[in-house]
1. For a quick check of your reading of the filter: which GluC sites (Glu not before Pro) in region 132-188 sit in a DSSP loop and have no more than 15 other Cβ atoms within 10 Å?
2. What is the sum of charges, Lys and Arg at +1 and Asp and Glu at -1, for the other residues whose Cβ falls under 13 Å from the Cβ of residue 210?
3. So what is the relative contact order for region 163-323, in percent, with contacts set as C-alpha pairs under 8 Å and at least six apart?
4. How large are Rg and Dmax for region 288-360 when calculated on the C-alpha trace, in angstrom?
5. Relative contact order of the chain, please, whole-number percent, based on alpha carbon pairs below 8 angstrom and at least 6 residues apart.
6. Anything in the chain that counts as a DSSP H helix reaching 18 Å or more along its axis (C-alpha) with Kyte-Doolittle mean of at least 0.5? List them, would you?
7. Just for the chain, what percent of DSSP beta bridges are antiparallel, to the closest 5?
8. Would you mind computing Rg(Cα) / (2.2 N^0.38 Å) for the chain, counting N as its residues?
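Read-outs throughout are calculated quantities, based only on the coordinates presented, and are distinct from any laboratory measurement. Model, not experiment: these values are computed from the prediction. As a convention, Cβ positions derive from the backbone with ideal geometry for all residues, glycine included, and neighbour counts pool all protein chains shown.
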Amino acid sequence: MSSGVQATDSNADGNAATVTASVVGASGFAGGELCRLLAGHPHFDLQQATSRQYAGKSVGSRHPPLRTSELRFTEPIDLESVDVLFAATPHGVSMEHIEAYADAAGLVVDLSADFRLESAQAYDEWYDGHVAPEYLDAAEYALPEVNRENLPGAELIAVGGCNATATILGLYPLFEGDVLSGDEQIVVDVKVGSSEGGAGGGEASSHAERSGVVRPYAPTGHRHEAEIERWLGTSVAFTCHAVDMVRGASATSHVFPSEAVSAGDLWSAYRSCYDDEPFVRLAAGGTGVYRYPEPKAVAGTNYAEVGFELDPKNGRVVVFAAIDNMVKGSAGQAVHAANVALGFAETAGLEFSGLHPVGAP
Ligand SMILES: NC(=O)c1ccc[n+]([C@@H]2O[C@H](COP(=O)([O-])OP(=O)(O)OC[C@H]3O[C@@H](n4cnc5c(N)ncnc54)[C@H](OP(=O)(O)O)[C@@H]3O)[C@@H](O)[C@H]2O)c1
């Protein structure tokens, strides 16, 4: 792999350093969000967007926010040499093409699950094996709130999964604050929007079948359990429901601490983790309509909302986390990670804070 893109002092100061970028898989949902974010980013110059199906067509023909862009899709076999290559392709594609990606760019940021786990054995257990396990050691997982210190100078970044991101951000302070030891049972239920399935869809994603659903899927054994376990250090019992929204993932976790905990303990655990985080907003009670995290409140943004409530009668803490799966859960998190890796201001290109009121996300 060519050497990583170097961060410089001028980048860290937010000055006008610019790096070139490409997006492989740019016609898809996550790739489209990447193109939108990079087009508005002060330090990225988006030079290439690939699609096999739409090669030759304008990027704006697939993604309305880019209607005025002059960029056209190109075939992924003709990769340009750039500083940063973002890959937003289905599982299995990046591991197959990683050598070409690494030849084309000093930093590869992969949005798929191909480099999120630590070993070939883990891919045998959770996926269908791995064809480039020699790259796993070099890959840095990107959930900047949890491991930003590993990102500067990275050459390969594996962006965390959307459901895993919501789940980890909700539960992480309970481990950091010693509210949980890792021995307790944790039950997680995530409600997800239809865009999680990608633009390709299929019968289950057609409007007639998807509209109005509250449909359990992967009720046990969801693959994101693997990365959640890796970063929380304990297994969780995880279930997803497909619900009637386009964007959003809302994770509700039920935990039963072995020692009594107060609301003050919880506030101090969450504040000490997240008070300085640029993309986490705490929402735990208070007044008004939006007292707890809701996907609507973060749609289109790179923010995660995190909240909790104590249930003393049952010895339970219920934890909520809401994200936009295509921004904080993929494209935004990828740009955030690249900002950290390259020494740009963490919030560069990601400042949008959301809309209110707003329709269904
Ligand atoms: N959607 C989400 O909310 C979300 C959240 C977190 C992570 N992710 C991950 O991000 C990745 C993309 O997801 P998505 O939802 O954006 O999927 P998508 O809408 O189906 O887009 C996939 C893109 O990959 C391209 N592609 C497919 N096979 C390819 C190949 N062999 N070589 C080169 N390009 C190929 C497709 O375009 P062409 O066929 O025209 O080339 C398309 O642009 C997935 O790994 C997914 O797990 C998605």
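1. Loop-located and lightly packed - 184.
2. Working: positive: 215; negative: 196, 203, 209, 244.
Here the count lands on -3.
3. Numbers: 326 pairs, mean separation 47.0, N = 161.
Relative CO of region 163-323 lands at 29 percent.
4. Radius of gyration, then largest Cα-Cα span, for region 288-360: 14.9, 48 Å.
5. Working: 843 pairs, mean separation 67.5, N = 361.
Relative contact order here is 19 percent.
6. Working: long enough: 162-176 (21 Å, 0.87).
Span-like helices, by this rule, are 162-176.
7. Numbers: 26 of 58 bridges.
Here the share of antiparallel DSSP bridges comes out near 45 percent.
8. Working: Rg = 19.8 Å, N = 361, 2.2 N^0.38 = 20.6 Å.
Relative to the rule-of-thumb radius for its length, the chain sits at 0.96.
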